[in-house]
Amino acid sequence: MLVTGQVELNTDGTVRSYALDKQDKLPAPVVDLVKRNVESWKFQFAATPESVVTETMSLRIVAKNTDGKHMALAVTGVQFEDGSAYDDYVHSVDRQQPSYPSYSLHNKISGRVYLLAKVGRDGKVADVAAEQVNLRQSYAQTNMALFRKDLTDAAVKAIRHWTFSTPTKGKWVDSPYWLVRIPVDFHIRNENLDVNDGEQYGSWEIYMPGPRMDVPWLKDKRLIADAADTTPDGTTHQLGASPQLASP
């Protein structure tokens, strides 16, 4: 489950307050899990802010069976975004959905590809690679590798033709390039699986998380230390532009 909200941070990196989006739609154990985690978080700023900082946040909540009767809940990834200054960050200008690759379409494969793209000052993609590919069904390992590659190739081919708006002000306006994380969803309707597709906020999605993959052209691997699959669909997340969570 992907849970979103906002968090206010004090200048020393402690949490001042937080709020979850549509909290009434979330299961009570999830709300309790978030409360027990967020309130104790501590953040690191690149430069100490002059006042309270407000960030939007998304949290990946994973539930796993323990004994057939109980579930174990955990926060497996978080992501933060400063939504107060639109022109300070990179945003996609067009997001045309890739063509569904024929091999995956024939086998009725659904999944989500999390891409990392390097955007140049001209707003075009200079480099792109997949960080992770989550599939909505389980298959033999060999088949899953083929399906992940098939979806990745289609997503990469499409995003190379996307254009982006680059910062026009703020502290990243003079950067030689920007790194952005972008989810690309491939979904074939399946009545047996769509009851757990996670599309309704507060509902669970059943999926097979893919392995984290190497990004060969990325020099500073610390920039992708956070979880790739915390980026909500339809958004673009600029890496290195938000305070870093220092707590485990």
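Which order do Arg189, Arg121 fall in if you start with the one that has the fewest other Cβ atoms within 10 Å? Let's see the in-between values first.
On the way: Arg189 9, Arg121 13.
Fewest to most other Cβ atoms nearby, the residues stand as Arg189, Arg121.
Can you compute log10 of I(q)/I(0) for the range 2-85 with the Debye formula, treating each Cα as one identical point scatterer, at q = 0.15, 0.20, 0.26 Å⁻¹? Ignoring solvent entirely, the Cα scatterers give -0.58, -0.93, -1.37. Remark: Glu205, Glu55, Glu50 ranked as Glu50, Glu205, Glu55, counting other beta-carbon atoms within 10 Å and listing the fewest first.
Pairs of alpha carbons in the chain separated by more than 24 Å make up 50% of all such pairs. Residues Val52, Val90, arranged from fewest to most other Cβ atoms within 10 angstrom of their Cβ, appear as Val52, Val90. For the chain, what does the helix formula give at 222 nm: sum of -39500 (n - 2.57) over DSSP H segments with n ≥ 4, over the residue count, nearest 500 deg cm²/dmol? After summing the helix terms and dividing by residue count, I get -4500 deg cm²/dmol.
Stretch Ser99-Ala74 to full length: gain in nm at 0.36 nm per residue minus the Cα-Cα span?
On the way: separation 25, 0.36 × 25 = 9.00 nm, distance 3.47 nm.
Between Ser99 and Ala74, full extension yields an extra 5.5 nm.
Quick one: Kirkwood hydrodynamic radius for the range 83-175, alpha-carbon pairs, angstrom, one decimal?
Working: mean 1/r = 0.0677 Å⁻¹.
So the Kirkwood estimate lands at 14.8 Å.
In nm, what is the difference between 0.36 nm times the number of residues separating Ala28 and Asp127 and their Cα-Cα distance? That pair, Ala28 and Asp127, stretches by 31.4 nm at full extension.
Residues with beta-carbon under 15 Å from that of Gln6, excluding Gln6: net charge, scoring Lys, Arg +1 and Asp, Glu -1?
That works out to -3.
The relative contact order of the chain, computed from alpha carbon pairs under 8 Å that lie at least 6 residues apart in sequence, is 25 percent.
The gain in end-to-end length when the Asp220 to Val15 segment is fully stretched comes to 71.0 nm, 0.36 nm per residue minus the alpha carbon separation.
Every number in this text was worked out from the coordinates using simple rules, so none of it is lab data. Here the structure is a predicted model, which is why all the values come from computation and not from measurement. As a convention, Cβ positions derive from the backbone with ideal geometry for all residues, glycine included, and neighbour counts pool all protein chains shown.
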